[in-house]
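Structure record follows, encoded as structure tokens.
The values are calculated or read from the model by the stated rules, or taken from the named source; none is laboratory data. Worth saying up front: this structure is predicted, and the values here are computed from it rather than measured. Cβ sites come from the backbone with ideal geometry, for glycine too, and all protein chains shown count toward neighbours. Surface accessibility is based on the protein's heavy atoms, side chains included, excluding ligands, DNA and RNA. Shrake-Rupley method; radii C 1.70, N 1.55, O 1.52, S 1.80 Å.
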Amino acid sequence: MLFTEEIYFKNDFYTVLLREADNLLMEVVREHKPIWKSYSGDVIASYDLQDYMLTLQDLILDKHLMKRNEKFCDREPIIDMVTGNKVFDKLNCPVKYTGNIIVAKDLIDTFSLEENLSEYPCYCYKEVYELCFDQGCLTMSIDHSKAMVRIRKNIEKGLRNTKNAKDVRCINKFLKQTFCHDFEKNRKLRTIKNKVYKVKHKLHNEE
């Protein structure tokens, strides 16, 4: 499954780029245990913070993922007449997630790693926050936006070049030191959009 997750935070929607643990949705899936017809397809989930508690609000599932009348959080889906996808809205379902996530908004696409490639490290966004959760309760939010500005300025001034292996290691080290938790250890276990904080140097070289 290809997960796309967003969270309503500070009066706007932020894209979830990285999770310390699993996808946020999996906390709900483990509790409600829906019957999957397939594991191939897109999932779009939207979350909210209500009195600092994380809740799942809207969910769009690829039409191939579940049986047509399969319920989720005790709700029957609305079938999109154009795509056939299953839509669950206003679920207001608690998400008992423990761990940190990186969220961002306002993409600056000139900093993508390679032309015509959907690969955007977190420093490609104007606003980047690290949100810390304990059993679904937001315990702390950390603004990393200034750190992302520092990386972009170094690239713009020619002090760092993502095509240079040494510079790549420096950027990665800086990001790892900036974030409170190491998100790299869980990245290989999940299928998400290619929005990682690591700079993939091999994109500019032979495989």
Quiz item: Can you find even one residue in the range 58-66 that is closer than 23 Å to Tyr8 by Cα and touching a His at 6+ places or on another chain (Cβ under 9 Å)?
Solution: no
Quiz item: In the range 86-104, what residues are under 13 Å from Asp58 (Cα atoms) and either over 18 Å from the mean Cα position of the chain (by Cα) or in a strand (DSSP E or B) (or both)?
Solution: Lys86, Val87, Phe88, Asp89, Lys90, Leu91, Asn92, Cys93, Pro94
Quiz item: Considering only residues of the range 129-169 that are part of a helix (DSSP H, G or I) and touching a His at 6+ places or on another chain (Cβ under 7 Å), which is surrounded by the fewest Cβ atoms within 10 Å (Cβ to Cβ)?
Solution: Ala165
Practice problem: Output the qualifying pairs, or none if there are none: Cβ atoms under 6 angstrom, residues six or more apart or on different chains, first residue in the range 40-64 and on the phi > 0 side of the Ramachandran plot and of a type outside the set (Lys, Arg), second residue part of a strand (DSSP E or B) and open to solvent by 40 Å² or more (accessible area, probe 1.4 Å). | Solution: Tyr52/Cys137
Quiz item: What pairs can you find where one residue is in the range 169-180 and closer than 14 Å to Cys122 by Cα, the other is of a type in the set (S, T, N, Q) and not in a helix (DSSP H, G or I), and their Cβ atoms are less than 7 Å apart, with a gap of 6+ or different chains?
Solution: none
Quiz item: Any chance the range 98-117 includes a residue that's polar (S, T, N, Q), out of contact with any helix residue (DSSP H, G or I) (no Cβ under 9 Å at 6 or more places or on another chain), without any contact (Cβ under 8 Å) to a residue 60 or more places away in the chain and open to solvent by less than 90 Å² (accessible area, probe 1.4 Å)?
Solution: no
Self-check item: Selected residue (criterion: modelled with the highest pLDDT) from residues of the range 170-201 that are over 23 Å from Ile108 (Cβ atoms) and either touching a helix residue (DSSP H, G or I) at 6+ places or on another chain (Cβ under 6 Å) or of a type outside the set (A, V, I, L, M) (or both)
Solution: Cys180
